[in-house]
Amino acid sequence: MSHLLEVRDLEVKFALRSGDITAIDGIDFTLDQGERLGIVGESGAGKSVTGFSIINLISKPGFISRGSIYFEGNKISDYSDSQMRTIRGNRISMIFQDPMMTLNPVFTIGFQMIETLRAHKKISKSDARAIALEKLKKVQIPSPEERLDQYPHELSGGMRQRIIIAISLLVNPAIIIADEPTTALDVTIQAEIMDLLQQLCETEKMGLILITHDLGVVSQVTEKIAVMYAGKIIEFGPTDQVVHSPVHPYTTGLIGSIPGSTAPGEKLLQIPGMMPTLSNIPEGCAFNPRCDLCEPICTRKTPPLEKKQNGTMAACHIKD
Amino acid sequence: MFAFIIRRILQAVVVMLVISLMGFAIKNNIGDPVRDLVGERVTPAERAKMADDMGLNDPFLIQYLRFIGHAVKGDLGRSFLYNKPNLEVISQHAPATIELLMGTALIIVLISLPLGVQSALQPKSKLARFTMSFSTLGISMPVFLTAILLIYVFAVHLQILPSFGRGETVDLFGNGYWNTGFLTRDGLEHLILPCLSLSSIMLPLFIRLIRSEMMEVLETEYIKYAWAKGLSPARVWMVHAFKNTLLPVVTVFGVQMGITFAFTILTELVFQWQGMGFMFLEAVQRADISLLIAYLVVVASVFVLVNTVVDIVYGFINPTVRIVGTR
Ligand SMILES: Nc1ncnc2c1ncn2[C@@H]1O[C@H](COP(=O)(O)OP(=O)(O)OP(=O)(O)O)[C@@H](O)[C@H]1O
Ligand SMILES: [Mg+2]
């Protein structure tokens, strides 16, 4: 096993009253030690579900219906819940979207940090407190000592997200999964938090899976990109390649819609139409109703994710 | 926190003033202290003189201030029915009612917490389903019916529990004021049926409240995050979810115990329980207005006190309230 994390043919379904819907439809990707991967795509594409399925925490009617996930050579998709707890928050940490909702309002920051450490390590409370303090310093929070005894509501959103980053550093994470970690913050803070995350991943040699809508952020922070559409990865490759010479028409559209990607004064491109809901994904390529290049084969056959000329993987019949 | 406590206490004082004013106004209008004192066999002239001596013809405000002045010193007038100071009558009946309420609160807490939490964590289990249907039944059954049913089953039919009075009590402080039923087996047995019927009103409500609060909390982001941190189920449920569940429940508990108190009157009647409710009914029957008003003032003070304490306790468990209070 050479990869730190390997997701193979992952399929996730939600058991709804009207029947099962497939939210993740057979995706593959890998992550190596210290590598940073971005997952981008429209709302509902399945980015968050992908992130949560790695630590087996998909919300209720959801379940992994096929495929496997390997972490450090172990098939963690077969782990029991108690085995999984030795991974969660310990080897794989998560950062959620809204720092205002992520911390428990009735416990102090110190309490929430110390309990995390003590869930994974046999150490005394005072040792745990010392480590918590050290990590708070690492995320450059002002007056870290005071923070330990404060409650979440006493801190701003940016500070809370720093604290959550500190929590994810507490034990010895190999991977941080950050699900839109800056969406709920204002723009100046967003950049600070992203810088901090990137810097920490570099110094601590941690892998990062950055889930976001924002191709701009991803292109600055990550080395690889997976573009998701309707539960599938439709393009996967080195960030530079994907951003500068995208293959899939959907990726091209996404990049065209980033401010700054077109000449000043020119209209931003926009992908016409909307992503289909999971219950009525069109036959063939899920993107075909919105695609300029659509040909008869696109409505009949699902394109496989395959290597294209520029070295990236893409799922498109037409482009190569 | 300090400012918050002061503010709550000031609010409590204002509420008490309003209530005492209402109580006094009633007493002033329908009560007849002269009759309370000497009965009917006195001539109108003598009555008028007595009324004058007692200051009953003074302006309303002066009389009210005098009433407050006495009340603060612990003098709430005399009961002609018992021929004792009202406060003494009330405080002799209070322990019985307090013990009834304590037993009821204990039953509610001991049963609703585990059942509410269990049915939130395993809503599809047999126990949870049973709890839910049983509590539906409990909610729709009036207290007197529950009481009579309990008496029929346990006292009349099975004959294993007493249904009348307080049984054997122990004088707690040796001064005759607090006779407790908690220290003897007989006293405890006498508590069971009245407490069960009294708790039957609030118990289903609390089970449902705890269950729905807990289910809501379990869906929150911070609980999902607690799982993502790798915490054990015991910790996620009993520490993270439980404390957030309790917050609203504590406030509701304070209010509901107030309502439960109102039901003690009925319960005490059914079980011939010599408490404040029993005393109240007697005072109503014999038109002892003075005692009734004293009862009103005492009960209102207790309510205000309990609510204030509950709010302050809530302030301690919920850090966000504290901040609001100190601003
Ligand atoms: N709890 C749930 N119950 C039912 N379906 C769900 C649930 N959570 C997710 N889904 C389905 O999975 C799909 C993917 O959801 P996911 O949250 O991964 O989207 P996303 O790409 O993260 O979108 P966003 O950018 O809005 O966060 C959704 O379109 C939805 O149909
Ligand atoms: Mg999402």
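Among A:273, A:26, A:41, which one shows the biggest mean-square fluctuation in a GNM of chain A, springs joining Cα atoms closer than 10 Å? Looking only at A:273, A:26, A:41, the largest GNM fluctuation is found for A:273. Taking A:49, A:218, A:187 as the candidate residues, the one with maximal mean-square fluctuation in a Gaussian network model of chain A, Cα springs under 10 Å, is A:187. Between the alpha-carbon centres of region A:1-72 and region B:67-117 there is a gap of 61 Å. When only the Cβ of Lys, Arg, Asp and Glu is charged (+1, +1, -1, -1), the dipole of the protein assembly as shown relative to its Cα centre reaches about 660 debye.
Given springs between every Cα pair under 10 Å in a Gaussian network model of chain A, which of A:182, A:222, A:299 has the largest fluctuation? Checking each option, the largest mean-square fluctuation is seen for A:299.
Ordering B:111, B:209, B:320 by the projection of their Cα atoms onto the charge dipole of chain B, which places +1 on the Cβ of Lys and Arg and -1 on the Cβ of Asp and Glu, puts B:320 at the extreme positive end.
Each of B:8, A:85 was scored by other Cβ atoms within 10 Å of its Cβ. Listed from fewest to most, they are B:8, A:85.
Its Cα centre serving as origin, chain A has a Cβ charge dipole (Lys and Arg +1, Asp and Glu -1) of approximately 720 debye.
For chain B, what class follows from the C-alpha gyration tensor (a ≥ b ≥ c being the square roots of its eigenvalues): rounded when a/c is under 1.5, otherwise prolate if a/b is larger than b/c, else oblate? Because a/c hits 1.5 or more and a/b fails to exceed b/c, chain B counts as oblate. Each Lys and Arg adds +1 at its Cβ and each Asp and Glu adds -1 at its Cβ; summed about the Cα centre, region B:86-325 shows a dipole of about 1080 debye. Measuring nothing but how far apart in sequence close Cα pairs (under 8 Å, 6+ apart) lie, relative to its length, region A:23-123 scores a relative contact order of 17 percent. Pairs of Cα atoms nearer than 8 Å and 6+ residues apart set the relative contact order; for region B:126-181 it is 16 percent. Candidates A:197, A:74, A:142 compared by Cα position along the dipole of chain A: farthest toward the positive end lies A:74, with charges placed on Cβ.
Taking the centroid of alpha carbons for each part, region A:231-255 and region A:211-226 are 11 Å apart. Spatially, region B:128-143 and region A:116-149 are offset by 47 Å when compared through their Cα centroids.
Short-range pairs are left out: with C-alpha atoms under 8 Å and at least six residues apart, the relative contact order of chain B is 27 percent.
By the combined test of axial Cα extent (at least 27 Å) and Kyte-Doolittle hydropathy (mean at least -1.0), the qualifying DSSP H helices of chain B come to B:2-30, B:86-121, B:185-218, B:242-270, B:289-317. Taking a ≥ b ≥ c as the square roots of the eigenvalues of the Cα gyration tensor, an a/c ratio of 1.5 or more together with a/b larger than b/c marks the protein assembly as shown as prolate. For region B:176-263, the square roots a ≥ b ≥ c of the C-alpha gyration tensor eigenvalues yield an a/c of 1.5 or more together with a/b exceeding b/c, which makes the shape prolate.
A short reminder: the numbers here are calculations on the coordinates, not readings from a lab. Keep in mind that this is a model prediction, so the values were computed, not measured. In this analysis, Cβ positions are derived from the backbone assuming ideal geometry, glycine residues included, and neighbour counts consider all displayed protein chains.
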